[in-house]
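Every number here is computed from the coordinates shown, using simple stated rules; none is lab data. These numbers come from a predicted model, not from an experiment.
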């Protein structure tokens, strides 16, 4: 964030100097891409709680698409610098992980005042196919509802949200792996595109 502020200050200084000499535009300024501006000027961050690495991968892909940064829930920055906050966790037994609920519940109204929040999670049972059972759909809705309940009175929770399938072990130190190979490249690309779609909130 320190370097982003320096970049923004430098751009502002350049524009002020150009106006002083009567020059409003230069070709090199027009060539600055939208992604560059989003990274250096926009105020967004992706926060995640991850155990096996699945949620971290998805968070990084979302951040890549958004032109932001992904940070672990144990390294949450000063949120006053951000306008859009994407929060995610892994799911255990059809519920947000204990670590995920813990960091979401610690946000206070002052931290999230006038901010928009986006929710995402990873779970072995995620299924977006037409053949997904009603029980799976209901569980996914319940996870989002439980996450939203922890922040809805503190910030504006936007409608867009993302659930991605992730490999998991039934027991933490067990050898059996379920949903092996997830999130795959297609799912990570989906997460990246989801991040890109969130730029409209910046």
- How long is segment 62-113 along each principal axis, judged by its Cα atoms, biggest number first, in Å? 34, 28, 17
- Query: Any idea how far the Cα center of segment 57-82 sits from the one of segment 108-144, in Å?
  - Reply: 18
